[in-house]
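This report concerns only the one structure given below.
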Amino acid sequence: MRPRILCIALVACFCLAAAVSPAETSKPTILPTITLDEFLNVTGITDAKISPDGSAAVIATESPDWKASVYRHDLWLWTAQAGLRPLTHSGSEERPEWSPDGKWVAFISDRALPDEEAGAEGEPESDAAKADRLWLIPVAGGEALPLFTEKLDVHAFAWSPDGTDLYYAVTSPQTHDEEEAQKDEWKDVIRWREQHRGDVLVKQAVAPALKRALEVAPPETAKADGDTKSSGSKSNDKKKSDAEKESSLPADAVTIAANSISIAEIAPSPDGKTVAFTTEPVHHRVESPADYEIFLAAPGGGEVRQLTHNQAIETGLRWSADSRSLYFVVQGAAGSLEGKYTDVQGRLYRMDAGSGKAERLGSASDASFEQFTLLADGREIAMGLKGTESQLYLVDGNRASKIEGVAGTYSSVDAARGSNAMVVRQSSINQPEQVYLAADPEHLDHATALTSFNPVFAERAQPEWQPYTWTSDDGRSVEGVLIFPPGKKGAKHLRMFTFIHGGPADADGNRFGADWYDWATLAADNGWLVFRPNYRGSAGYGDDFMLGIMPHLVSKPGRDILAGVDALVKDGYADPDRLAIGGYSYGGYMTNWLITQTTRFKAAVTGAGAVEHAANWGNDDETWDDAWYLGGQPWENPEIYQSEAALFRFDKVKTPTHLVQGGADVRVSYLEGVTMERAFQALGVAHSFLVFPGEGHGLGKNPWHGYIKVREELKWLEKYAGK
């Protein structure tokens, strides 16, 4: 049956609660628990960027469109005068960036051009027919305009310092004749690696492009952005043929650099003399850290200089105001600049652009730095995960001082160029993530809320939580989180669901989660005590804690988790006869392993978790990381590959297990799930297996897939462990 979906996710709500009479206030208010429909109908915030002068912000969101069976991606504009309003309406806009003068926002979208044909009888274009072009929209109002009409997918882009040009990276284009020759010779044959083409970094002047776009735009573009029903001008002199659109770069685009692999980020220096960029492999499989480096190029083209040579994956490029230094992070489990690849915590660096000499910043702190921004006065603000919270830190050399903020988790930070104002995203377990404007970066507790998405959570009974610490089998202290059913904090002898996070370089704690992956509070609302262990390998507890997982990829953290379950049973919180376990991705790895180690769990729900490591090493898009975790390639350490694999212990499994897998997953092949299902079928273990067609690891295509996943997982827990 089609669920009833409340229309709360597509608009922001700013209404105050209705007033109540004194008589009503004397009665205790019993709030209903949230429904599955409400829980998964969330507007998620994916990005927030502050304007150069700090007076406005553009906010990107993702929300389910149940009727169309897709996720919408929209942009919102906040100003002090008008508050929050939609900036776009077509549902396919992402990665917004302000122009230096604050008058335009550039973004990537696969929306159709006015003269491009829709599908049959007005149906949307197929994915193959779409192109991720670069678009610009005036902040003062009006329709978005394409920077170019050629059928090119933009991988990365950035404004020039003066705003006259846009730099962007696309796959090195082929002419129409080259495309036809390739089709004629190879038909539909995939030439693994051989057919990969690297990227070109180009610069294109903005003003002429906008002039051309306005000349060919139909009259309807005078309307508000998002009127996609117009078919546009069809005159032959105002549109290019499909062959022309697919043939090459725009005529006025200047090639700055050509790269044999893809370009991931672009950062022009403030003085306009240098363009920095990072690289990544075309196939997006982490086979070697050498594919991830920083390069420097001149804006007019010419020699390209490789700045870094290391085993780290650098991200978040930003220049110092004097154009002498580059700042970047190496996020958790992405190596470091200090030596051979290891999965240590996230680190912040400053590198001299001339010599390539790097300095690690904030090294005296044991927080895992994942993002950062630079204030207009040159100070560095970094987002650091420590324990169960992610907070902001003021970084000065090797020191990092925690900024006065509010309890919970900060998930992004962006500072204005012309002032010290910044926007942050923040949440806690029972408070949905919102965007805040901080005029004083050192007092985040006085920040102003810019959004008020998902108000339904404040109108429903809320679970309560507390941190929980126990001692593992080797004496190491381990921390996690307990989430209690509403009104039952501290209650004993509860049915318990051990819900394991992915990563493993992640950590659960005081942050909001409401989606197909993180549904811990929904489980609590359904009467479960939810145990979220931050086992060995989790970030936020220091490098040694993260490194403790290698090479015992599942057995070492598995002992941490089982020790936590034992402690909760001993402390009286958990009913030993009503225990369940589950997780997705690495949480699936752990679930698959732990049900081979004990029969205490009455139910298991697992997704996208490997059951062996050799084939998964070959299929996984993070193969380099897999090899590090297991102490080498499969032929270098075959004993560990087998001893840490659940598959060879499945004859010990008695736990009824529910499996899910994305049918197009390249992080953990869906064939790992097929292997697990076949084993359970042969062994007579009660099980169920759901495959979501076309979905990758993140189940990001169709919201119904995530809805069905959580619905069936809750049913499975109730059926086998809930009584």
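We did not get these values from a lab; they are worked out from the coordinates using the rules stated. Source: prediction; values computed, not measured. Neighbour counts are summed over all protein chains in view; Cβ atoms, including those assigned to glycine, are modelled from backbone coordinates with ideal geometry.
List of remarks:
- Gyration tensor verdict on segment 45-176 (Cα atoms; rounded if a/c is under 1.5, prolate if a/b is larger than b/c, oblate otherwise): oblate
- Low-density loop cleavage sites - trypsin sites (Lys or Arg not before Pro) in segment 48-93, where at most 16 other Cβ are within 10 Å (DSSP): K67
- Within segment 274-307, GluC sites (Glu not before Pro) in DSSP loop having at most 12 other beta-carbon neighbours inside 10 Å: E303
- Candidate values (1) 27.2; (2) 31.7; (3) 29.3, label of the one derived for Kirkwood radius over Cα pairs in Å: (1)
- At 1.567 mPa s and 4 °C, Stokes diffusion of segment 463-721 via Kirkwood alpha-carbon radius, µm² per second: 71 µm²/s
- Antiparallel DSSP beta bridges within the chain, percent to nearest 5: 80 percent
- Once backbone amide H atoms are built at 1.01 Å from N, R72 has S63, D65 as its partners under 5 Å, excluding neighbours fewer than 5 places away on the same chain.
- Formal net charge of residues neighbouring W159 (Cβ-Cβ distance under 9 Å; K, R +1; D, E -1): -3
- Our helix-only sum for the chain, with -39,500 (n - 2.57) per DSSP H run of n ≥ 4 divided by its residues, gives a mean residue ellipticity at 222 nm of -4500 deg cm²/dmol.
- Sites listed here are trypsin sites (Lys or Arg not before Pro) in segment 297-406 whose DSSP assignment is loop and whose Cβ has at most 11 other Cβ atoms within 10 Å: K340, K357.
- Gap separating the Cα centres of segment 628-671 and segment 528-549, nearest whole Å: 20 Å
- Seen against the Cα atoms of the chain and their longest principal axis, helix 206-216 is set at about 80 degrees.
- Approximating the spin labels as points 7 Å out from Cα along Cα→Cβ, the R85-to-V674 distance works out to 5.3 nm.
- Of T598, L683, M496, farthest towards positive along the dipole that unit charges on Lys, Arg, Asp, Glu beta carbons give segment 463-721: M496
- Residue exposure sequence - E442, E370 - by fewest surrounding Cβ within 10 Å: E442, E370
- Within the chain, the longest run free of chymotrypsin sites (Phe, Trp or Tyr not before Pro) that sit in a DSSP loop with at most 14 other Cβ atoms within 10 Å is 193-634.
- Charge dipole magnitude, Cβ of K and R +1, D and E -1 - the chain, Cα centre, debye nearest 20: 2120 debye
- Segment 311-336 and segment 262-300 have Cα centres lying 11 Å from one another.
- Annotation: amide H of W104 within the under-5 Å range of S99, V139, sequence separation 5 or more or interchain, hydrogens built in the peptide plane.
- Antiparallel DSSP beta bridges within segment 463-721, as percent of all bridges there, nearest 5: 35 percent
- For segment 345-376 versus segment 24-78, the gap between their alpha-carbon centres in whole angstrom: 32 Å
- Sequence-ordered 3J(HN,Hα) estimates for segment 52-57 from the Karplus curve with 6.51, -1.76 and 1.60 and θ = phi - 60° stand at x, 8, x, 9, 8, 8 Hz, glycine and proline given as x.
- Panel order for T308, T35, T388, by other beta carbons found within 10 Å of each beta carbon, from fewest to most: T35, T308, T388.
- Proxy reagent accessibility, fewest Cβ within 10 Å first, across R85, R417: R85, R417
- Rounded if a/c under 1.5, otherwise prolate or oblate - segment 389-430, Cα gyration tensor axes: oblate
- Simple spin-label estimate for D577 and T599 in nanometres, 7 Å along Cα-Cβ: 1.7 nm
- Nonlocal amide H pairs with R511, under 5 Å, H built at 1.01 Å: I429
- Degrees separating the helix 555-570 axis from the principal Cα axis of the chain, which is the longest one: 50 degrees
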